[in-house]
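Read through the structure below, which is laid out as C-alpha coordinates, and then see the notes.
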Amino acid sequence: MEHDFVLADECQPIIEAEGITIFVDPEGVDRAVFRIDDNQDPIPGCDPSEYGYALLMVNFIDSHEGVAICEVLHVQQLVDYGRDFSAEVVRNL
(Lines give C-alpha, C1' and ligand atoms only; values in the text may rest on other atoms or scores of the structure.)
Protein backbone atom coordinates (compact mmCIF):
# COMPACT_ATOMS: atom_id res chain seq x y z
CA MET A 1 0.00 0.00 0.00
CA GLU A 2 1.38 3.41 -0.94
CA HIS A 3 0.82 6.25 1.52
CA ASP A 4 0.54 9.96 0.82
CA PHE A 5 3.02 11.22 3.40
CA VAL A 6 6.68 10.57 4.11
CA LEU A 7 7.68 11.06 7.74
CA ALA A 8 11.05 12.12 9.07
CA ASP A 9 13.19 9.19 10.21
CA GLU A 10 12.60 9.96 13.89
CA CYS A 11 8.79 9.77 13.57
CA GLN A 12 6.90 6.55 14.31
CA PRO A 13 3.62 5.95 12.44
CA ILE A 14 0.59 4.90 14.47
CA ILE A 15 -1.99 4.85 11.65
CA GLU A 16 -1.31 5.07 7.92
CA ALA A 17 -4.22 5.28 5.51
CA GLU A 18 -4.93 7.03 2.24
CA GLY A 19 -4.96 10.76 2.94
CA ILE A 20 -3.95 10.59 6.60
CA THR A 21 -1.04 9.52 8.77
CA ILE A 22 -1.09 9.72 12.56
CA PHE A 23 2.35 9.51 14.11
CA VAL A 24 4.48 10.14 17.18
CA ASP A 25 7.12 12.82 16.64
CA PRO A 26 10.63 12.75 18.19
CA GLU A 27 9.36 14.67 21.26
CA GLY A 28 6.68 12.06 21.94
CA VAL A 29 3.78 14.21 20.69
CA ASP A 30 1.03 12.56 18.64
CA ARG A 31 0.42 14.42 15.39
CA ALA A 32 -1.72 13.90 12.32
CA VAL A 33 -0.96 14.96 8.77
CA PHE A 34 -4.04 14.78 6.58
CA ARG A 35 -5.73 16.05 3.43
CA ILE A 36 -8.08 19.04 3.68
CA ASP A 37 -10.57 20.65 1.31
CA ASP A 38 -10.85 24.29 0.17
CA ASN A 39 -12.58 25.18 3.47
CA GLN A 40 -9.66 23.66 5.42
CA ASP A 41 -11.87 20.82 6.65
CA PRO A 42 -10.63 17.20 6.53
CA ILE A 43 -11.80 15.39 3.42
CA PRO A 44 -13.93 12.28 4.04
CA GLY A 45 -11.84 9.43 5.42
CA CYS A 46 -9.03 11.79 6.47
CA ASP A 47 -10.43 13.22 9.70
CA PRO A 48 -8.40 12.26 12.80
CA SER A 49 -11.67 11.96 14.75
CA GLU A 50 -12.64 9.04 12.50
CA TYR A 51 -9.68 7.20 14.03
CA GLY A 52 -10.50 8.14 17.64
CA TYR A 53 -8.24 11.20 17.91
CA ALA A 54 -9.20 14.66 19.17
CA LEU A 55 -7.58 17.67 17.54
CA LEU A 56 -5.61 19.72 20.08
CA MET A 57 -3.78 22.34 18.01
CA VAL A 58 -3.22 23.20 14.37
CA ASN A 59 0.50 23.31 13.64
CA PHE A 60 0.51 23.93 9.88
CA ILE A 61 -1.94 24.36 7.01
CA ASP A 62 -1.05 24.49 3.33
CA SER A 63 -4.30 25.30 1.53
CA HIS A 64 -2.58 25.20 -1.86
CA GLU A 65 -1.41 21.60 -1.30
CA GLY A 66 -4.51 20.66 0.72
CA VAL A 67 -2.59 19.44 3.78
CA ALA A 68 -2.82 20.10 7.53
CA ILE A 69 -0.57 19.00 10.38
CA CYS A 70 -2.09 19.03 13.87
CA GLU A 71 -1.35 17.83 17.37
CA VAL A 72 -3.85 15.14 18.34
CA LEU A 73 -4.67 13.04 21.38
CA HIS A 74 -6.46 9.71 21.41
CA VAL A 75 -9.88 10.10 23.04
CA GLN A 76 -9.18 7.18 25.40
CA GLN A 77 -6.22 9.14 26.81
CA LEU A 78 -8.59 12.05 27.51
CA VAL A 79 -10.91 9.71 29.39
CA ASP A 80 -7.99 8.24 31.34
CA TYR A 81 -6.68 11.72 32.20
CA GLY A 82 -10.14 12.72 33.41
CA ARG A 83 -10.16 9.91 35.94
CA ASP A 84 -6.98 11.27 37.49
CA PHE A 85 -8.21 14.84 37.92
CA SER A 86 -10.02 16.27 40.86
CA ALA A 87 -11.54 19.69 40.77
CA GLU A 88 -12.07 22.30 43.41
CA VAL A 89 -14.36 25.25 42.86
CA VAL A 90 -12.95 28.48 44.22
CA ARG A 91 -15.15 31.55 44.33
CA ASN A 92 -13.86 35.02 44.84
CA LEU A 93 -16.47 37.20 46.48
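The values are calculated or read from the model by the stated rules, or taken from the named source; none is laboratory data. Note that the structure is predicted; figures quoted are calculated from it, not measured. Cβ placement follows ideal geometry from the backbone for every residue including glycine, while neighbour counts extend to all protein chains displayed. Remember, those area values only see protein heavy atoms, side chains included, never the ligands or the DNA or RNA. Shrake-Rupley method; radii C 1.70, N 1.55, O 1.52, S 1.80 Å.
Brief remarks on what is shown
- Here the spin labels are modelled as points 7 Å beyond Cα on the Cα-Cβ line, and at residue 81 and residue 62 they lie 2.9 nm apart.
- Computed over protein heavy atoms with a 1.4 Å probe, the carbon and sulfur contribution to the accessible area of the chain reaches 50%.
- Seen against the Cα atoms of the chain and their longest principal axis, helix 75-84 is set at about 20 degrees.
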